[in-house]
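To start, the structure under review is shown below, and the notes come after it.
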Amino acid sequence: MANLPSENEYNPLLLKNQLCFPLYAAARQVTGLYAPLLKPLDLTYTQYLVFLVLWEEDGLKVGDLGGRLFLDSGTLTPLLKKLEEKGLLTRKRSEEDERVVRVFLTDEGRALRAKALTIPASVGSCVFLSEADARDLYRILYTLLQ
């Protein structure tokens, strides 16, 4: 028992000492708030994120879309294929460089934007942070992502 830390020593293997755990648990809790709001749109949370980016900038290269979402092509490609099958977007190879694939919203994909307008406020009303705490958390999380 000589290898066990005393009560006063920092134990790196306690759940309460893991930075990753509250990040993981909070992310799950917040993203879970989206499920009932996205169900009428027939979208998953990750699909919704794709639309947030494309509503901002349509016609992105698949690689740039993945970069903005921190998703690799192995995750993004099947997701885009499914959205294309639903008629919400199209993927087109660049005429200049056939290795480059761009993603474009269809009319139906653009129309989803109006249906999603209330989602951020609905979720925001369930997250009880002051405006200053929310700004600080946003800044810290993006610092971690960098």
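Here are the numbers for this structure:
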item: Positive-end residue of V100, T90, N17, charge dipole of the chain with Cβ unit charges; result: T90
item: GNM result for the chain, Cα springs below 10 Å: residue of L49, L13, L105 fluctuating most strongly; result: L13
item: Difference of contour (0.36 nm per residue) and Cα-Cα distance, K82 to Y24; result: 18.2 nm
item: Whole-percent carbon and sulfur share, accessible surface of the chain, 1.4 Å; result: 56 percent
item: Per residue, in Å², the accessible surface of the chain once ligands and nucleic acids are set aside, probe 1.4 Å; result: 74 Å²
item: About the Cα centre, charge dipole magnitude for the chain (Lys/Arg +1, Asp/Glu -1 at Cβ), debye; result: 340 debye
item: Cβ-Cβ FRET estimate between A35 and L14, R0 fixed at 22 Å, reported to 0.05; result: 0.10
item: Amide H partners (placed H, <5 Å) of V100, local residues excluded; result: S94
item: Residue-wise HN-Hα coupling along segment 130-140, computed from phi with Karplus coefficients 6.51, -1.76, 1.60 (Hz; x: Gly, Pro); result: 5, 4, 5, 5, 5, 4, 5, 4, 4, 4, 5
item: Sequence-distant lysines (8 or more away, or on other chains) whose Cα lies within less than 29 Å of K92; result: K39, K61, K81, K82, K115
item: Burial ranking of peptide ranges 76-88, 32-44 (average Cβ count within 10 Å, highest at the top); result: 76-88, 32-44
item: Correct choice for Rg/Rh (Cα atoms, Kirkwood Rh) that was computed from the model, options (i) 1.52; (ii) 1.10; (iii) 0.96; result: (ii)
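The values are calculated or read from the model by the stated rules, or taken from the named source; none is laboratory data. The structure displayed is predicted, hence computed values, not measured ones. Glycine also receives a Cβ, built like all others from the backbone with ideal geometry; neighbour counts cover every protein chain displayed. Keep in mind that these areas ignore ligands, DNA and RNA; they rest on the heavy atoms of the full protein, side chains included. Shrake-Rupley method; radii C 1.70, N 1.55, O 1.52, S 1.80 Å.
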